[in-house]
Amino acid sequence: MLKQISKKAIFTLVTVATLSGVLNAADLTDADEIVSKANLTSYYAANDGRSEARMLIKDSQGREQKRQFTILRRDRTDREDSSDTKSDGGEQDFLVVFSRPSDVRNTVFLVAKNPASDDDRWLYLPGLDLVKRISAGDKRTSFVGSHYFYEDVSGRALAEDTHRLIETDEQFYLIENLPIDPQSVEFSRYTAWINKQTFLPEKIEYFDEVDELYRRVEVLASKQIQGYETVTKSRITDLRSGGSTTLEFRFQAYNLGMEPAVFTERSLRKPPREWLRRN
């Protein structure tokens with residue numbers, strides 16, 4: 001009986017070890033590949049997309065401000081129309097139109113995303129009837145008074161950092177990212193916890209020049225929408241001040257067939273109302 005138990009135990013251990021080896025062999029080991037997949041999941045779902053967002057800004061004393069806006073996004077090359085598989089992850093357009101509160105109503109943010117060079121960004125301020133060009137040096141500054149940066153809205157170019165896989169566990173790939181041009185950013189490095197199943201970066205932590213953690217980005221909720229893993233709630237926390245901004249996304253939809261004209265400078269002063277209305 002003891003021999004039978006021992007044989008079963010040995011067989012079980014061998015089986016578990018074998019299965020574990022198979023599972024581990026399936027893990028990715030190339031940091032650039034992992035980060036590329038995370039970028040596609042975060043910013044390139046489908047050919048275009050629409051979402052309504054509610055933003056809650058809290059300062060260190062608990063005072064709150066609220067913002068409400070609609071985000072429109074379009075890839076300049078549709079997946080179905082392109083024979084070039086490398087086109088996915090390329091150029092994009094974003095249009096963000098604010099509806100509440102009254103002091104930011106009709107403020108519009110337009111981005112022409114260029115992964116190979118600096119993005120083009122414009123902000124329309126209706127109170128001044130002014131279109132302001134946002135320089136590349138301002139991309140890591142506050143987005144309409146929140147803890148989100150302009151760069152957070154459309155994403156950071158992968159080529160601006162080097163990427164290193166630090167650790168892999170059952171749920172996450174832990175990636176360390178170092179800026180190629182440290183003088184252009186306020187951080188010395190950042191680490192990202194990328195979900196192995198969905199490839200969503202569920203937590204990102206930024207460190208300053210003395211390697212002190214000062215900023216955290218978190219995905220608080222996500223779900224599958226039209227087959228795409230989609231963030232429905234996120235938060236950015238300023239660990240120095242204690243302030244934070246929470247974003248909740250609603251009425252998200254993909255592959256709506258938005259035309260290029262939606263994302264021209266004309267839309268800064270005259271936003272495309274047909275795409276801002278919920279269908």
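Select from the stretch 188-238 the residues that are touching a helix residue (DSSP H, G or I) at 6+ places or on another chain (Cβ under 8 Å) and among the polar types (S, T, N, Q) and write down the one among them that is farthest from V35 (Cα to Cα).
Among them, the one singled out is S188.
Quick grid of which residues meet (1) over 28 Å from V185 (Cα atoms); (2) not in a strand (DSSP E or B):
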position	(1), (2)
E209	no, yes
R216	no, no
Q224	yes, no
S234	no, no
T237	no, no
R240	no, yes
T245	no, no
A253	yes, no
G257	yes, yes
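Across the stretch 91-143, what is the total count of residues that are among the basic types (K, R) and in contact with a Gly (Cβ under 8 Å, 6 or more places away or on another chain)?
Looking only at that region, the number is 1.
Which pairs turn up if I take residues in the stretch 246-271 that are touching a residue at least 12 places away in the same chain (Cβ under 8 Å) and look for partners that are assigned to a loop (DSSP other than H, G, I, E, B) and among the charged types (D, E, K, R) with beta carbon separation below 8 Å, at least 6 apart in sequence or on another chain?
Correct list of pairs: F251/R278; P260/R76; R269/D129.
Please go through the stretch 38-60 and give me each residue that is in a loop (DSSP other than H, G, I, E, B) and surrounded by fewer than 18 Cβ atoms within 10 Å (Cβ to Cβ), ordered by number.
D59, S60, listed by residue number.
Please give the number of the condition I180 fails out of (1) on the phi < 0 side of the Ramachandran plot; (2) surrounded by 13 or more Cβ atoms within 10 Å (Cβ to Cβ); (3) more than 17 Å from the chain's Cα centre (by Cα).
(2)
Restricting the stretch 162-177 to residues that are in contact (Cβ under 8 Å) with a residue 40 or more places away in the chain and under 25 Å from K139 (Cα atoms), which is surrounded by the fewest Cβ atoms within 10 Å (Cβ to Cβ)?
R164
Might you let me know whether the stretch 213-220 holds any residue that is over 22 Å from D138 (Cβ atoms) and buried (at least 18 other Cβ atoms within 10 Å of the Cβ)?
Looking through the stretch 213-220, at least one residue is over 22 Å from D138 (Cβ atoms) and buried (at least 18 other Cβ atoms within 10 Å of the Cβ).
Would you check if there is a residue in the stretch 120-129 being in a loop (DSSP other than H, G, I, E, B), surrounded by 16 or more Cβ atoms within 10 Å (Cβ to Cβ) and in contact (Cβ under 8 Å) with a residue 24 or more places away in the chain?
Among the residues of the stretch 120-129, not one is in a loop (DSSP other than H, G, I, E, B), surrounded by 16 or more Cβ atoms within 10 Å (Cβ to Cβ) and in contact (Cβ under 8 Å) with a residue 24 or more places away in the chain, which makes the answer no.
Across the stretch 92-115, which residue is modelled with the lowest pLDDT among those that are surrounded by fewer than 19 Cβ atoms within 10 Å (Cβ to Cβ) and under 18 Å from the mean Cα position of the chain (by Cα)?
Only one residue tops the list, namely P115.
Let me spell it out: the conditions are (1) over 19 Å from N39 (Cα atoms); (2) among the hydrophobic types (A, V, I, L, M, F, W, C); (3) modelled with pLDDT of 95 or more, and I134 meets all of them except one. Which number is the exception?
Of (1) over 19 Å from N39 (Cα atoms); (2) among the hydrophobic types (A, V, I, L, M, F, W, C); (3) modelled with pLDDT of 95 or more, only one is false for I134: (3).
T264: buried (at least 16 other Cβ atoms within 10 Å of the Cβ) and at pLDDT 95 or above, yes or no?
Criteria not met by T264.
Considering the stretch 130-161 alone, what residues qualify as being outside any helix (DSSP H, G or I) and either loosely packed, with under 15 Cβ neighbours inside 10 Å or in contact with a His (Cβ under 7 Å, 6 or more places away or on another chain) (or both)?
Passing the criteria: L130, V131, K132, R133, S135, T141, S142, G145.
If you scan the stretch 183-198, which residues turn out to be free of Cβ contacts under 8 Å to residues at least 60 places away in the same chain and surrounded by fewer than 17 Cβ atoms within 10 Å (Cβ to Cβ)?
Across the stretch 183-198, the qualifying residues are Q183, S184, E186, S188, Q197.
Take the stretch 221-253 and flag every residue that is surrounded by fewer than 16 Cβ atoms within 10 Å (Cβ to Cβ), small (G, A, S) and farther than 14 Å from A45 by Cβ.
Passing the criteria: A221, S241, G242.
The values are calculated or read from the model by the stated rules, or taken from the named source; none is laboratory data. These numbers were taken from a predicted model, which means no experiment stands behind them. Here the Cβ is made from the backbone with ideal geometry for all residues, glycine too, and neighbour counts use every protein chain on show.
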